[in-house]
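One structure follows; several queries about it will come next.
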Amino acid sequence: MLEKLKRILLEFQERPLPAITRRDAVLPVLEGKATIVTGMRRVGKTSLCRQKMRELMDAGLDKTQILYLNFEDDRLAGFRLEDCQSILDAYYSLWPDNRSRECYFFFDEIQNVENWERFVRRLLDTMDVHVILTGSSSKLLTTEIATAMRGRSVSVELLPYSFGEYLRHRGVFDDVPEHLSDDAIARLRHGMDEFFQLGGFPEVYQYADAMTRGEILQEYSDMVVLKDVVERHEVANITALRRLLSFLYNNDSQKFSVTNFWKTLNQGMQVKCSKNDLFDFIGFLEEACILYRTELHTSSEKAKMVNPDKVYMVDVGLVRAMADDPTADRGWLLENLVYLHLRRCKCQVGYYNTADGKEVDFHVSDRQNRRRSLVQVCWSLNAPDTLKREVPTLLKAGKELGIRRLLLVTWDEEKELDGGVQVVPIWKLLSGHVPILAEI
């Protein structure tokens, strides 16, 4: 193992860091804490680590002070906790002077090593190193981290490209200008057309062929099912799991009831599965960062329990690749885009039901500054029925909750309505020109 690790470490040192699109996510490095990057497979966690490496080297750090290992490397298959000391032995035998220098250790897909946290805690306690970890399971953000690291970590969630990162990747804008000319607006609208079709997974932009892009995204979904759910959790009822995920792709941004789906699965599809298994499957898929849930915004815990969660997928391009009809409801995909934007902005998000049972898509809050807003999403307000349905619901919810910041996000309409409702186009929201929360 020692010689194998030396070869892997030397390969990293000899290979130049590839050029990458700059991500907006920041990797903080805090004394005595590990930095943990999580997200679904293929969102660019390794590239974000390489971005950090480049920043460190630009600031004067020698590359040999950086150790990088990817635990999905087939040469590290079966790597165990007791093998971890070999990492230090290999690294310091190659560069012994680094024992007295500040070093940065990057470990990709660390969750593949059982009890990895013991090794990381030892590094933090006994050595002058900063540790940056990545993992494809959101457990690294929640219970696993809380238990394993005992307050010794800071976490960063990475999603697929945001609209701004997409624009940077495509060379439209390195950073969206603060003041928009007619030309800039035209480029934002054109960019939104493509981003809405393809989503934000970096790899799909390497290929011009639509079929190839779709096949890549389908492979991502299959990889999550097999590696992050079936293998990790030893799921036996793969048919039920796949039917569940297919249903969610085809009902993006909608409320999801396990009980109702269980009836459909067992009676309509003739696939036997228990409710408990379905609850587990939803949790497993959320751990794998392929979907997210929001609950009803209410102070009543009972109301939260009896009302279903709404489910959003990690990427609209992935939904298009996996849904039976990728153009069936553009409004649902638009709502999913807004949800991902709110998540990137670190907002607390839930949906809201008015006293008369009408739904507002997003109750948005900022716990630190106690700011709040309500956000409704629809494709267009051109139809009179849509205007009569969406605006009064938003106004009523605002009155009930005492919230003045009321946004109605559409594809490409912009105006101010009575009652303070601000209609904004999706390209303007996602480019950062419309604040979600009211200014303090």
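We did not get these values from a lab; they are worked out from the coordinates using the rules stated. Only a predicted model underlies this, so the values are computations on that prediction, with no experimental measurement involved. Here the Cβ positions follow ideal geometry from the backbone for every residue, glycine too, while neighbour counts run over all protein chains shown.
In the range 206-236, what trypsin sites (Lys or Arg not before Pro) fall in a loop by DSSP, with at most 12 other Cβ atoms inside 10 Å?
Hits after loop and neighbour filter: nothing returned.
Roughly how many Å is it from the Cα centre of the range 186-251 to that of the range 30-52, as a whole number?
If we compute the Cα centre of each part, the gap is 21 Å.
Within the range 1-33, find all residues whose amide N lies under 15 Å from a label point positioned 7 Å from the Cα of Asp175 along Cα-to-beta-carbon.
So the set is 22-26.
Could I ask something else about it? Can you list the trypsin sites (Lys or Arg not before Pro) in the range 1-84 that are in a DSSP coil and have 11 or fewer other beta carbons within 10 angstrom?
In loop regions of the range 1-84 (DSSP not H, G, I, E or B), the sparsely surrounded trypsin sites (Lys or Arg not before Pro) are Arg80.
Here's another thing I want to ask about it. Can you tell me the 0 to 90 degree angle between the C-alpha axis of helix 182-198 and the longest principal axis of the chain, rounded to 10?
80 degrees
Have a look at the DSSP beta bridges in the chain and tell me what percent are antiparallel, nearest 5.
40 percent
Compute the long axis of helix 238-250 from its Cα atoms, compare it with the longest principal axis of the Cα atoms of the chain, and write down the angle in degrees, 0 to 90, nearest 10.
50 degrees
In nm, give the distance between the simple-model label positions of Glu413 and Thr327, each being 7 Å from the Cα along the Cα-to-Cβ direction.
2.2 nm
Roughly how many debye, to the nearest 20, is the charge dipole of the range 222-302 about its Cα centre, given +1 on each Lys and Arg Cβ, -1 on each Asp and Glu Cβ, and no other charges?
380 debye
Can you give me the long-range amide H partners of His130? Hydrogens built in the peptide plane at 1.01 Å from N, cutoff under 5 Å, separation of 5 or more residues or another chain.
Under 5 Å from the amide H of His130 lie the amide H atoms of Cys103, Tyr104, Phe105, each far enough along the sequence or on another chain.
Then there's this: What FRET efficiency, computed as 1/(1 + (r/R0)^6) with R0 = 30 Å and r the Cβ-Cβ distance, is obtained for Ser246 and Ile20, rounded to the nearest 0.05?
Efficiency for this residue pair is about 0.35.
Obtain the nm distance between the two label points defined at Leu2 and Phe279 by a simple spin-label model: each point lies 7 Å from its Cα along the Cα-to-C-beta direction.
Distance between the two pseudo-spin positions: 5.1 nm.
Percent antiparallel among DSSP beta bridges with both residues in the range 330-440, to the nearest 5?
55 percent
Angle, helix 210-223 long axis vs. longest principal axis of the chain, Cα atoms, 0 to 90°, nearest 10?
Orientation of helix 210-223: about 70 degrees from the principal axis.
Given H placed on each backbone N at 1.01 Å, which residues far from Gln254 in sequence or on other chains put an amide H within less than 5 Å of it?
Val311
Hey, another quick one. What nm distance separates the two modelled labels at Asp183 and Thr239, each placed 7 Å from Cα along Cα→Cβ?
It is 6.0 nm.
Under 5 Å between amide hydrogens, which residues at least 5 positions from Ala34 or on another chain qualify, with H placed 1.01 Å from N in the peptide plane?
Ser153, Val154
Counting other Cβ atoms within 10 Å, which GluC sites (Glu not before Pro) in the range 1-70 have at most 16 and lie in a DSSP loop?
For GluC sites (Glu not before Pro) across the range 1-70 that sit outside H, G, I, E and B with at most 16 neighbouring Cβ atoms in 10 Å, the list reads Glu31.
Before rounding to the nearest 500, sum -39500 (n - 2.57) across all DSSP H runs of length at least 4 in the chain and divide by the residue total; then give [θ] at 222 nm in deg cm²/dmol.
-12000 deg cm²/dmol
Mind computing the radius of gyration and Dmax over the alpha-carbon atoms of the range 330-440? Å is fine for both.
12.8, 39
Shifting gears a bit: Rounded to the nearest 0.05, what FRET efficiency do Tyr207 and Asp97 give with R0 = 41 Å and r taken as the Cβ-Cβ distance? Could you check?
For Tyr207 and Asp97, the calculated efficiency is 0.40.
If you don't mind, there's one more thing I want to ask. Among Trp116, Leu217, Tyr249, whose Cα projects farthest towards the positive end of the dipole of the chain, with charges put on the beta-carbon of Lys, Arg (+1) and Asp, Glu (-1)?
My answer, from the dipole projection, is Trp116.
Suppose every K and R has +1 on its Cβ and every D and E has -1 on its Cβ; what is the size of the dipole of the chain about the Cα centre, in Debye to the nearest 20?
1000 debye
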